[in-house]
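**Student:** So that we are looking at the same thing, I have put the structure below in structure tokens.
The values are calculated or read from the model by the stated rules, or taken from the named source; none is laboratory data. Quick caveat, the model's predicted, so the values are computed rather than measured. Methodologically, a virtual Cβ is constructed for each residue, glycine included, from the backbone with ideal geometry; neighbour enumeration extends over all protein chains shown. Only protein heavy atoms, including side chains, enter the accessible area calculation; ligands, DNA and RNA are left aside. Shrake-Rupley method; radii C 1.70, N 1.55, O 1.52, S 1.80 Å.
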Amino acid sequence: MTLLEKRYDVGQKTQDVLLEEMIQLGRDIIDSRDLDLLRENANLNGESFSGKMSKFGSEYSKWYARNFTMPPQLVQAIEENVVYVHDLDQYAIGTTNCIFIPFERLLREGFNTGNGSVRPPNSIMTAMSLVAIIFQSQQNAQYGGVSANKLDYDLAPYVTKSFAKLFRKGLEYFEEGQAGEHLGDISMSRSDLAAQYPKSFNFALKETTSETLQAAESMIHNLNTMSSRSGGQIPFTSINYGTCTSPEGQLVISSLLTATMNGLGSGETPVFPIQIFKCKQGVNQQPGEPNYELFLKAADCSARRLYPNFANLDAPLNMQHYDPANPDTEFATMGCRTRVLGDRFGRNRCSGKGNLSFNTLNLVRLGLTHGTITGRRSVADEAGFYDDLDHYMDIALEGLLHRFRIQSAQKAKASDFMMREGVWEGGQELAPEDSVGELLKHGSLSLGFIGMAECMKAMYGKHHGEDMDVHAKAVAIVRHMREYCNRKSEELDLNITLFATPAEGLSGKFTKIDRKVLGSIPGVTDREYYTNSFHIPVYYDLSAASKISLEAPFHEHCNAGAISYVELNGNARSNPSAFVKIIKYALQQDISYFSINHPIDRCSACGYEGVIGTNCPSCNAHEHEVHIRRLRRVTGYLTGDYQTRFNAAKQAEVRDRVKHL
């Protein structure tokens, strides 16, 4: 029975209630009355015409799902402010979340966008252009992020094609010999060709290096300027790289990093794609390893541009399905933190599948109900807490399963490019009218959580950064949630995983309601936001090493994804060796996915980029006279200016962030 049917049963004037809800929503959007509503997604300019139009559709779809589609117990849990359904606007129509795109196959075989077919590329320039087109074609077949899990491997063959073509051109131009089959497979690793035809080889090497850099610059510019997603958004793209050791793969990695450091047209830091450098012992972590210099370059790039983030392939969680002969089994992430490597049906690799949906639990509300902070008890009711946790996990999971049934019933033609071109593995074998359920079982359904710090404060009077006994209790809660997911995976024969939720709009929503109901409670509801997932609060003063070591034990339990950060004080570009040491320490602590935050400000008057106070240190312009673009990370990705694109809760969080080094 839906919520609407329940309203009829109790005799409410349903039509009047629903009509008033919709009228109020429309007023809030048209008149920009609710800026937090319009700024839920920092990648969307909700105050623009296209943003408002998108919001109209989104908010109506959410309203429809709540009243006509969702199970009543899930709606009730939402109203109790314990469960949150992410991307609710996509619930009723059965859209899926995010995916790793199989670029290797699509580039090798060619593809069809629906408006025309595209041949396999014969150069790195064309290949990188097609990567942007594939991203663009896929992003409207789903609602979440689109990611390349091994772009260095995927693009290396097209560097080879460019090099071979230029080498043959060099042979003719320098009259060093004749091109033909007697040369064999031409590649950048052929030292015999370099010795026999030095002029042609060096010419090809120089021109290929230039072409690859231009291709990387073109791709990054395209991915920052294609406002082709609904609401005028840029596609939410991620690229993973770092472990391909062929000369061609190394050139792809180096070119992407150089292009990122060079910036966009006027030198601005690129917001997309989210870039992730994959760290692996024996490949790029020690001097003398083939890609170690590229790791150092990645750290330098991150110190300048906040990207790339760093994925730890050696963390025990990420080694479970690793096959050194198959780069598709290397851990990769979809930008903000999403992880989908394991599959109980045997596809223990990244490409060709993704996350289907996730629901998040408000741990703070449970802590307030069963903790000591309100003065109703002197000892926390841990048994009651765990009973309620299991109860609401059951409800959140039932919501995921209900949504999964809707998703599974969709026809292949509904997701168009994704199924027709086999972006989701096996989709190309379906007829347009076939349902997709048998394929979607390879994806993941995830339970997330938020506010561990405030939950511990409510339960015990201290958060898990202040007391190691409390820290042990926090880890035990996350372990319990992971064991629940494992148990349900066995019972349901589905991939049920645990997610350290990247709360953007959600962090403020939960807090606002809890504070309205329960009042302002110091250390719990007195700020505008709850702390993301298991993170130590951003306002708690501790060292970078301490924050890393305290958060590390949580990562192994969050098999749907997790990320940890530290905040640097001042200009990170001035101390590259310290930057590298921090990254290496995080990897040694088995942090699965890591990044370093630091301020990047840009003066619109003179173009100076660095740390800017009220006045630009270059031209002395005051922030009230010119726009100072203040770039910050929101939940794993960057946004243009946190002062105008972040919601109020996230702006407050940025203001509260202490520096760990």
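**Student:** Can you name the number of the only condition in (1) in a helix (DSSP H, G or I); (2) in contact with a strand residue (DSSP E or B) (Cβ under 8 Å, 6 or more places away or on another chain) that HIS182 fails?
**Tutor:** So the condition that HIS182 fails would be (2).
**Student:** Is it the case that GLU491 is open to solvent by 60 Å² or more (accessible area, probe 1.4 Å) and in contact (Cβ under 8 Å) with a residue 12 or more places away in the chain?
**Tutor:** No, not satisfied.
**Student:** Report, ordered by the first and then the second residue, all pairs with beta carbons closer than 7 Å, sequence separation of six or more or different chains, a first member in the range 376-400 that is farther than 17 Å from VAL75 by Cβ, and a second member that is open to solvent by 10 Å² or more (accessible area, probe 1.4 Å) and among the aromatic types (Phe, Trp, Tyr).
**Tutor:** Close Cβ pairs (under 7 Å, with a partner that is open to solvent by 10 Å² or more (accessible area, probe 1.4 Å) and among the aromatic types (Phe, Trp, Tyr)) amount to ALA380/TYR460.
**Student:** Of these, THR501, THR497, which one is β-branched (Val, Ile, Thr) and either over 25 Å from the mean Cα position of the chain (by Cα) or under 26 Å from ILE373 (Cα atoms) (or both)?
**Tutor:** None of the other options fit; the residue is THR501.
**Student:** OK, next. All but one of (1) out of contact with any strand residue (DSSP E or B) (no Cβ under 7 Å at 6 or more places or on another chain); (2) open to solvent by 10 Å² or more (accessible area, probe 1.4 Å) hold for GLY427, so report the exception by its number.
**Tutor:** (2) is the only condition that GLY427 fails.
**Student:** Based on what the data block shows, is SER489 polar (S, T, N, Q), more than 23 Å from the chain's Cα centre (by Cα) and within 20 Å of ASN312 (Cβ to Cβ)? I'd like the intermediate steps shown before the answer.
**Tutor:** Numbers: polar (S, T, N, Q): yes; more than 23 Å from the chain's Cα centre (by Cα): yes; within 20 Å of ASN312 (Cβ to Cβ): no.
For SER489, the condition - polar (S, T, N, Q), more than 23 Å from the chain's Cα centre (by Cα) and within 20 Å of ASN312 (Cβ to Cβ) - is not met.
**Student:** In the range 420-440, what residues are of a type outside the set (A, V, I, L, M) and in a helix (DSSP H, G or I)?
**Tutor:** In the first step, residues of the range 420-440 are kept if they are of a type outside the set (A, V, I, L, M); the result is 420-422, 424-429, 432-435, 437-438.
The answer is ARG420, GLY427, GLN428, GLU429, GLY437, GLU438.
**Student:** Tally the residues that are open to solvent by 10 Å² or more (accessible area, probe 1.4 Å) and not in a loop (DSSP other than H, G, I, E, B), restricting the search to the range 553-564. Write out each step before concluding.
**Tutor:** Going residue by residue through the range 553-564, those that are open to solvent by 10 Å² or more (accessible area, probe 1.4 Å) are 553, 556-557, 559.
This time we only want the ones that are not in a loop (DSSP other than H, G, I, E, B), so: 553.
Here the count works out to 1.
**Student:** Select from the range 98-134 the residues that are in a loop (DSSP other than H, G, I, E, B), in contact with a Gly (Cβ under 9 Å, 6 or more places away or on another chain) and open to solvent by 10 Å² or more (accessible area, probe 1.4 Å) and list them in ascending order.
**Tutor:** Correct list: PRO102, ARG119, PRO120.
**Student:** Taking the condition of a type in the set (Asp, Glu) and either closer than 16 Å to TYR460 by Cβ or open to solvent by less than 10 Å² (accessible area, probe 1.4 Å) (or both), does ASP381 pass?
**Tutor:** Values: of a type in the set (Asp, Glu): yes; either closer than 16 Å to TYR460 by Cβ or open to solvent by less than 10 Å² (accessible area, probe 1.4 Å) (or both): yes.
Considered against the rule, which asks whether it is of a type in the set (Asp, Glu) and either closer than 16 Å to TYR460 by Cβ or open to solvent by less than 10 Å² (accessible area, probe 1.4 Å) (or both), ASP381 comes out as yes.
**Student:** Can you confirm whether the range 441-455 contains a residue that is assigned to a helix (DSSP H, G or I), crowded, with 22+ Cβ neighbours inside 10 Å and in contact with a His (Cβ under 6 Å, 6 or more places away or on another chain)?
**Tutor:** Of the range 441-455, the ones assigned to a helix (DSSP H, G or I) are 452-455.
Restricting the remaining residues to those that are crowded, with 22+ Cβ neighbours inside 10 Å gives 452-455.
Filter again for in contact with a His (Cβ under 6 Å, 6 or more places away or on another chain), leaving 453.
Among the residues of the range 441-455, at least one is assigned to a helix (DSSP H, G or I), crowded, with 22+ Cβ neighbours inside 10 Å and in contact with a His (Cβ under 6 Å, 6 or more places away or on another chain), which makes the answer yes.
**Student:** Within the range 456-472, track down each residue that is surrounded by fewer than 18 Cβ atoms within 10 Å (Cβ to Cβ) and not in a loop (DSSP other than H, G, I, E, B).
**Tutor:** First, pick out the residues of the range 456-472 that are surrounded by fewer than 18 Cβ atoms within 10 Å (Cβ to Cβ): 461-462, 467-469, 472.
If the condition is that a residue be surrounded by fewer than 18 Cβ atoms within 10 Å (Cβ to Cβ) and not in a loop (DSSP other than H, G, I, E, B), then MET468, ASP469, ALA472 are the ones that fit.
**Student:** Further question: Kindly provide the set of residues from the range 513-545 that are in a helix (DSSP H, G or I) and crowded, with 17+ Cβ neighbours inside 10 Å, ordered by number.
**Tutor:** At the first step, the residues of the range 513-545 found to be in a helix (DSSP H, G or I) are 513-518, 544-545.
Of everything in the range 513-545, those that are in a helix (DSSP H, G or I) and crowded, with 17+ Cβ neighbours inside 10 Å turn out to be ASP514, LEU518, ALA544.
**Student:** Please determine, by comparing only the residues of the range 335-353 that are open to solvent by less than 20 Å² (accessible area, probe 1.4 Å) and of a type in the set (Lys, Arg), which one is farthest from LEU389 (Cα to Cα).
**Tutor:** Of everything passing the filter in the range 335-353, LYS353 is farthest from LEU389 (Cα to Cα).
**Student:** Based on this model, can you work out whether LEU356 counts as open to solvent by 10 Å² or more (accessible area, probe 1.4 Å), touching a residue at least 24 places away in the same chain (Cβ under 8 Å) and in contact with a Leu (Cβ under 9 Å, 6 or more places away or on another chain)?
**Tutor:** Working: open to solvent by 10 Å² or more (accessible area, probe 1.4 Å): no; touching a residue at least 24 places away in the same chain (Cβ under 8 Å): yes; in contact with a Leu (Cβ under 9 Å, 6 or more places away or on another chain): yes.
When the stated conditions are applied, LEU356 does not pass them.
**Student:** Another one. Any residue that is of a type in the set (Val, Ile, Thr), touching a Phe, Trp or Tyr at 6+ places or on another chain (Cβ under 9 Å), crowded, with 22+ Cβ neighbours inside 10 Å and closer than 28 Å to VAL340 by Cβ - is there at least one of those in the range 71-84? Can you show your working first?
**Tutor:** First, pick out the residues of the range 71-84 that are of a type in the set (Val, Ile, Thr): 75, 78, 82-83.
Keeping just the survivors that are touching a Phe, Trp or Tyr at 6+ places or on another chain (Cβ under 9 Å) gives 78, 82-83.
Cutting the leftovers down to crowded, with 22+ Cβ neighbours inside 10 Å gives us 82-83.
Checking which are closer than 28 Å to VAL340 by Cβ leaves us with 82-83.
Within the range 71-84, one or more residues are of a type in the set (Val, Ile, Thr), touching a Phe, Trp or Tyr at 6+ places or on another chain (Cβ under 9 Å), crowded, with 22+ Cβ neighbours inside 10 Å and closer than 28 Å to VAL340 by Cβ.
**Student:** While we're on this one: Among PHE345, PHE331, which is farther than 14 Å from LYS278 by Cβ, modelled with pLDDT of 95 or more and touching a strand residue (DSSP E or B) at 6+ places or on another chain (Cβ under 9 Å)? Lay out the reasoning, then the answer.
**Tutor:** On the way: PHE331 fails: farther than 14 Å from LYS278 by Cβ.
Of the residues listed, the single one that is farther than 14 Å from LYS278 by Cβ, modelled with pLDDT of 95 or more and touching a strand residue (DSSP E or B) at 6+ places or on another chain (Cβ under 9 Å) is PHE345.
**Student:** Go through the range 253-296 and give me each residue that's in a helix (DSSP H, G or I) and either in contact with a strand residue (DSSP E or B) (Cβ under 9 Å, 6 or more places away or on another chain) or surrounded by 24 or more Cβ atoms within 10 Å (Cβ to Cβ) (or both).
**Tutor:** Initial filter on the range 253-296 (in a helix (DSSP H, G or I)): 253-262, 292-296.
Matches in the range 253-296: ILE253, SER255, LEU256, LEU257, THR260, LEU294, PHE295.
**Student:** Let me ask you something else. Looking for something without any contact (Cβ under 8 Å) to a residue 12 or more places away in the chain, out of contact with any strand residue (DSSP E or B) (no Cβ under 6 Å at 6 or more places or on another chain) and surrounded by fewer than 18 Cβ atoms within 10 Å (Cβ to Cβ) - is there at least one such residue anywhere in the range 582-598? Give the steps one after another, and end with the answer.
**Tutor:** Step one: list which residues in the range 582-598 are without any contact (Cβ under 8 Å) to a residue 12 or more places away in the chain, which gives 588.
Then keep just the ones that are out of contact with any strand residue (DSSP E or B) (no Cβ under 6 Å at 6 or more places or on another chain); that gives 588.
Checking the rest, the ones that are also surrounded by fewer than 18 Cβ atoms within 10 Å (Cβ to Cβ) come to 588.
Scanning the range 582-598, I find at least one residue that is without any contact (Cβ under 8 Å) to a residue 12 or more places away in the chain, out of contact with any strand residue (DSSP E or B) (no Cβ under 6 Å at 6 or more places or on another chain) and surrounded by fewer than 18 Cβ atoms within 10 Å (Cβ to Cβ), so the answer is yes.
**Student:** Does GLY570 meet the test of being outside any helix (DSSP H, G or I) and at pLDDT 95 or above? Before the answer, list the steps.
**Tutor:** On the way: outside any helix (DSSP H, G or I): yes; at pLDDT 95 or above: no.
The answer is no for GLY570.
**Student:** Out of LEU389, LEU400, report the one residue that is out of contact with any helix residue (DSSP H, G or I) (no Cβ under 8 Å at 6 or more places or on another chain), open to solvent by less than 10 Å² (accessible area, probe 1.4 Å) and either of a type outside the set (A, V, I, L, M, F, W, C) or on the phi < 0 side of the Ramachandran plot (or both). Talk me through it step by step, then tell me what you get.
**Tutor:** Working: LEU389 fails: out of contact with any helix residue (DSSP H, G or I) (no Cβ under 8 Å at 6 or more places or on another chain).
Sole residue among the options that is out of contact with any helix residue (DSSP H, G or I) (no Cβ under 8 Å at 6 or more places or on another chain), open to solvent by less than 10 Å² (accessible area, probe 1.4 Å) and either of a type outside the set (A, V, I, L, M, F, W, C) or on the phi < 0 side of the Ramachandran plot (or both): LEU400.
**Student:** Kindly indicate whether THR225 is more than 30 Å from ARG190 (Cβ to Cβ) and open to solvent by 30 Å² or more (accessible area, probe 1.4 Å). Let's see the steps before the verdict.
**Tutor:** On the way: more than 30 Å from ARG190 (Cβ to Cβ): yes; open to solvent by 30 Å² or more (accessible area, probe 1.4 Å): yes.
Judged against the criteria, THR225 is a match.
**Student:** If you don't mind, there's one more thing I want to ask. Please go through the range 135-161 and pick out each residue that is without any contact (Cβ under 8 Å) to a residue 60 or more places away in the chain and surrounded by fewer than 24 Cβ atoms within 10 Å (Cβ to Cβ).
**Tutor:** From the range 135-161, those without any contact (Cβ under 8 Å) to a residue 60 or more places away in the chain are 143, 154, 158, 161; that's our starting set.
Of everything in the range 135-161, those that are without any contact (Cβ under 8 Å) to a residue 60 or more places away in the chain and surrounded by fewer than 24 Cβ atoms within 10 Å (Cβ to Cβ) turn out to be TYR143, LYS161.
**Student:** Just to be sure, is ARG405 open to solvent by 10 Å² or more (accessible area, probe 1.4 Å), more than 30 Å from ASN309 (Cβ to Cβ) and at pLDDT below 95? Give the derivation first.
**Tutor:** Values: open to solvent by 10 Å² or more (accessible area, probe 1.4 Å): yes; more than 30 Å from ASN309 (Cβ to Cβ): yes; at pLDDT below 95: no.
Judged against the criteria, ARG405 is not a match.
**Student:** Let me ask another. Among the residues of the range 608-640, count how many are modelled with pLDDT of 85 or more, part of a loop (DSSP other than H, G, I, E, B) and open to solvent by less than 40 Å² (accessible area, probe 1.4 Å).
**Tutor:** Final tally of qualifying residues: 4.
**Student:** OK, next. Considering the range 228-249 alone, what residues qualify as being crowded, with 20+ Cβ neighbours inside 10 Å and assigned to a helix (DSSP H, G or I)?
**Tutor:** GLU248, GLY249
**Student:** Follow-up question, since we're still on this one. Going residue by residue through the range 492-506, is there one that turns out to be in contact with a strand residue (DSSP E or B) (Cβ under 9 Å, 6 or more places away or on another chain), at pLDDT below 95 and in a helix (DSSP H, G or I)?
**Tutor:** yes
**Student:** Please identify the pairs in which a residue from the range 462-474 that is at pLDDT 95 or above has its Cβ atom under 8 Å from the Cβ atom of a residue that is open to solvent by less than 10 Å² (accessible area, probe 1.4 Å) and acidic (Asp, Glu), counting only partners at least 6 apart or on another chain.
**Tutor:** These pairs meet every condition: HIS463/GLU454.
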